[in-house]
Each structure stands twice: as structure tokens, then as C-alpha cells.
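Worksheet: the structure to be examined is printed underneath.
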Amino acid sequence: MDEKQFKEIVNKLDLIIRLLAQNIVKDMESQKEKILMLSSFGFGATEIAKILGKKSATEIAPYLYPKERKIQRGKVA
């Protein structure tokens, strides 16, 4: 098997995995729930964005990497 054939197989397997992942989360109501489920499967932000049909990983990032609330001078910011 040459490198071109190997890459074709990998691409097809990636597509199959994405389709299966889409099928698993399709009935979930919450976007956050979908994202966290896919993350638990080991997908990164870019892969999750592709699965959910988002333009970029920046749309997914707030769900995966929530900002910590800062406490300043006794106030929650």
C-alpha cells in the first residue's frame, strides 16, 4: 500500500467516524450537550465544529473552555 492509498483510507475512515458521531448527537436538544459529548469521545474543537456544521472552532471553544469568573475586590466580575 502506498502513501496515497493510505491517505484515502484514512480520509474515508474519518468521514465514517464523523457520520457516526453526527448520528449519535442528532437527537440531543442542547448544543452544549452535543459539544461535551463529542469532546468526551476525544474529538477536538476543530473536529466538533466540522461534525456540527460550524464555520470554525471558535464557535465551539466557549463550551469546551469556559472562562473562569474573576473575583476582584470582593466583587464577582
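Here are some notes:
- Reported count of residues in region 1-24, each being under 11 Å from the mean Cα position of the chain (by Cα) and of a type in the set (A, V, I, L, M), is 1.
- Scope region 22-66; condition of a type in the set (Ser, Thr, Tyr) and buried (at least 16 other Cβ atoms within 10 Å of the Cβ); matching residues: 39, 63
- Of all residues in region 1-52 being hydrophobic (A, V, I, L, M, F, W, C) and part of a loop (DSSP other than H, G, I, E, B), the one that is farthest from residue 64 (Cα to Cα): 1
- Taking region 25-40 as the range and being out of contact with any Leu (no Cβ under 7 Å at 6 or more places or on another chain) and modelled with pLDDT of 90 or more as the test, the residues that pass are 30, 31, 32, 33, 36, 37, 38, 40.
- Near pairs, Cβ below 9 angstrom, 6+ apart or cross-chain, from region 16-44 (charged (D, E, K, R)) to any residue that is outside any helix (DSSP H, G or I): 18/43; 34/26; 34/28
The values are calculated or read from the model by the stated rules, or taken from the named source; none is laboratory data. It should be emphasised that the depicted structure is a prediction, and the values quoted were computed from it without experimental measurement. Note: ideal-geometry Cβ built from the backbone for every residue, glycine included; neighbour counts use all protein chains shown.
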